[in-house]
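Q: Dropping the structure in here first, questions after.
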Amino acid sequence: MASNDLMVGLEIGTSKICVVVGEARLDGTTKILGVGQAPSRGVRKGEIVDFETAMKCVLEALSDAETKSDVMIKGVYVGVTGAHIQSFNNRGCVMLPDDYEEIDEQDIEDVKINAREVSIPAQNAFLHSIIQHYHVDGQDGVLNPVGMLGQKLEADFHIIHGVRTRIQNTIRCVKELPLEVEDVVFNALASAQVVLTQQQKNLGALVIDIGGGTTDFILYVDGAVKQSGTIGIGGDHITNDISMGLRIPMARAEKLKIDEGSVILGNCLPGETVVLKDDSGFAGKEVERETLNTIIHLRMRETFELLKRTLDEEAFINFIGEGIFITGGCSLLRGIDNLAEEIFEIPARVAHAQTMSGLTSAFQNPQFSTAIGLIKYAQAVQAERPQRRGFGRIFSRFLPGIR
């Protein structure tokens, strides 16, 4: 197996570190060879807060992935998240000389650079410039202007940026191991590569990726990214609420949430209880199921309502014909799709990675959507790289100094 056929996705999450090893097939599909995991420590709300501890956890997950896939990992595509991630839409424009023969790759690069000539916070760096639409001499809907004749090239981009040092901390954590960082990708963008089909992107869809410490989102209309970002609330906040509300240890609260919890209210018998057995250092307890569900419901409602207010700042959510796709570890909560439908008033479903082969348990688990999505992103980048064209709708390059 050629080394360039192997791709590795690394998600440094708040609850877990996940490493997925994939192999690119000649027919364009991807086979999952192995998945490595380790509990996450030293990470809060998707960002590293204890460098040495986080690095040990990443190394543990990498070793697990190497053992299970029987390969030596040399480089990874890394997912990033955090409330510092921001985005906006902007148009770039370049004027071409009268005697110019045809639009070429350099013109594409120039119009992208022009679109980035906007003011962002001094401490931030560009993470992605994702093409939405090209326009040549006023002609809309141009998919690839290379080779066309024209005097005015315009392009609409969705631009994602974040705090440079906070992204660098993730990169440095990996390079210290030492491994090569092939690219850094916003988590929701990675998840969308495997959760959505191209047709669903064309019809319009919203991906909500709910992890342990953050909720990432990305919205497509007419096949193009229109909105994206991160909210600093995730499944760990629910666990903390359960722990405090029911006065039980965090570990027991997490297990209770997963095994017995639901987002739906009024769906259990009056007085129905859940018995927590005694354990070392824990005397055991009996809790009302409706009380547990109420705690979960209130936190998830808060998360969705906060996200809805963010999305309502622009009107794109009114144009998503395929509805909402919920993924990530917290998407496994019972009834979460029903609550999303109630709040957004749009059809919602729980989704996992599609069009994969290999470890079925991996790609059918929403917890692995981001890590598997990084593989799919890598495959697209590597397929286009020999042609020096960039990744279709996605261009990712950092400002000097971020690598």
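Q: Scan (1) exposed (fewer than 12 other Cβ atoms within 10 Å of the Cβ); (2) under 26 Å from the mean Cα position of the chain (by Cα) for the single condition ILE258 breaks and write down its number.
A: Of (1) exposed (fewer than 12 other Cβ atoms within 10 Å of the Cβ); (2) under 26 Å from the mean Cα position of the chain (by Cα), only one is false for ILE258: (1).
Q: Keeping to region 120-142, report how many residues are within 25 Å of the chain's Cα centre (by Cα) and of a type outside the set (Val, Ile, Thr).
A: So the first thing to find is which residues in region 120-142 are within 25 Å of the chain's Cα centre (by Cα), and the list is 120-133.
Now drop any that are not of a type outside the set (Val, Ile, Thr), which leaves 121-129, 132-133.
Of the residues in region 120-142, 11 are within 25 Å of the chain's Cα centre (by Cα) and of a type outside the set (Val, Ile, Thr).
Q: If you don't mind, there's one more thing I want to ask. Considering only residues that are assigned to a helix (DSSP H, G or I) and under 16 Å from the mean Cα position of the chain (by Cα), look in region 328-352 and name the one that is modelled with the lowest pLDDT. Spell out how you get there, then give the answer.
A: The first filter runs over region 328-352 and keeps only residues assigned to a helix (DSSP H, G or I), leaving 329-332, 336-344.
Narrowing the set further to residues that are under 16 Å from the mean Cα position of the chain (by Cα) leaves 329-331.
Details: GLY329: 91, CYS330: 94, SER331: 94.
Ranking the candidates gives GLY329 first.
Q: Could you name every one of the helices (runs of 4 or more DSSP H) located completely within region 104-214 that has at least 2 residues being within 21 Å of ALA83 (Cα to Cα)? Reasoning before the result, please.
A: On the way: elements: 105-115, 164-175, 187-195, 198-203.
So the answer is 164-175, 187-195.
Q: The conditions are (1) surrounded by 15 or more Cβ atoms within 10 Å (Cβ to Cβ); (2) aromatic (Phe, Trp, Tyr); (3) over 25 Å from the mean Cα position of the chain (by Cα), and PHE325 fails exactly one of them. Which is it?
A: Looking at each condition in turn, PHE325 falls short on (3).
Q: State the number of residues belonging to region 20-34 that are part of a strand (DSSP E or B) and farther than 16 Å from VAL194 by Cα.
A: Taking region 20-34 as the starting set, the residues that turn out to be part of a strand (DSSP E or B) are 20-24, 30-34.
Going one step further and asking which of them are farther than 16 Å from VAL194 by Cα, we end up with 33-34.
Result for region 20-34: 2.
Q: Counting only residues that are surrounded by fewer than 22 Cβ atoms within 10 Å (Cβ to Cβ) and at pLDDT below 95, how many does region 200-219 have?
A: 0
Q: Could you figure out which of (1) among the acidic types (Asp, Glu); (2) surrounded by 12 or more Cβ atoms within 10 Å (Cβ to Cβ); (3) closer than 30 Å to ILE167 by Cα isn't true of ASP104?
A: (3)
Q: In region 283-305, is there at least one residue being assigned to a loop (DSSP other than H, G, I, E, B) and either charged (D, E, K, R) or at pLDDT below 95 (or both)?
A: Taking region 283-305 and keeping what is assigned to a loop (DSSP other than H, G, I, E, B), we get 283-284.
Narrowing further to those that are either charged (D, E, K, R) or at pLDDT below 95 (or both): 283-284.
Yes, region 283-305 contains a residue that is assigned to a loop (DSSP other than H, G, I, E, B) and either charged (D, E, K, R) or at pLDDT below 95 (or both).
Q: Hey, another quick one. Return the pair list, or none, for Cβ contacts closer than 9 Å from residues in region 237-265 that are basic (Lys, Arg) to residues that are loosely packed, with under 15 Cβ neighbours inside 10 Å, at least 6 apart or on different chains.
A: ARG252/ASP279; ARG252/PHE282
Q: Check off (1) of a type outside the set (Lys, Arg); (2) in a helix (DSSP H, G or I); (3) closer than 23 Å to VAL80 by Cα for TYR220 and give me the number that stays unchecked.
A: Here TYR220 clears every test but (2).
Q: To continue, here is another question. Here is a check on your reading of the model: is THR355 modelled with pLDDT of 95 or more, under 18 Å from the mean Cα position of the chain (by Cα) and either in the same structural domain as ILE12 (by TED's automatic domain parsing) or of a type in the set (S, T, N, Q) (or both)? Steps first, please.
A: Working: modelled with pLDDT of 95 or more: no; under 18 Å from the mean Cα position of the chain (by Cα): yes; either in the same structural domain as ILE12 (by TED's automatic domain parsing) or of a type in the set (S, T, N, Q) (or both): yes.
So THR355 fails the test.
Q: Restricting to region 238-253, name every residue that is modelled with pLDDT of 95 or more, surrounded by fewer than 17 Cβ atoms within 10 Å (Cβ to Cβ) and hydrophobic (A, V, I, L, M, F, W, C).
A: MET244
The values are calculated or read from the model by the stated rules, or taken from the named source; none is laboratory data. Because the structure is predicted, anything quoted here is derived from the model rather than measured. Using ideal geometry, Cβ is built from the backbone for each residue, glycine included, and neighbour counts are taken over all protein chains shown.
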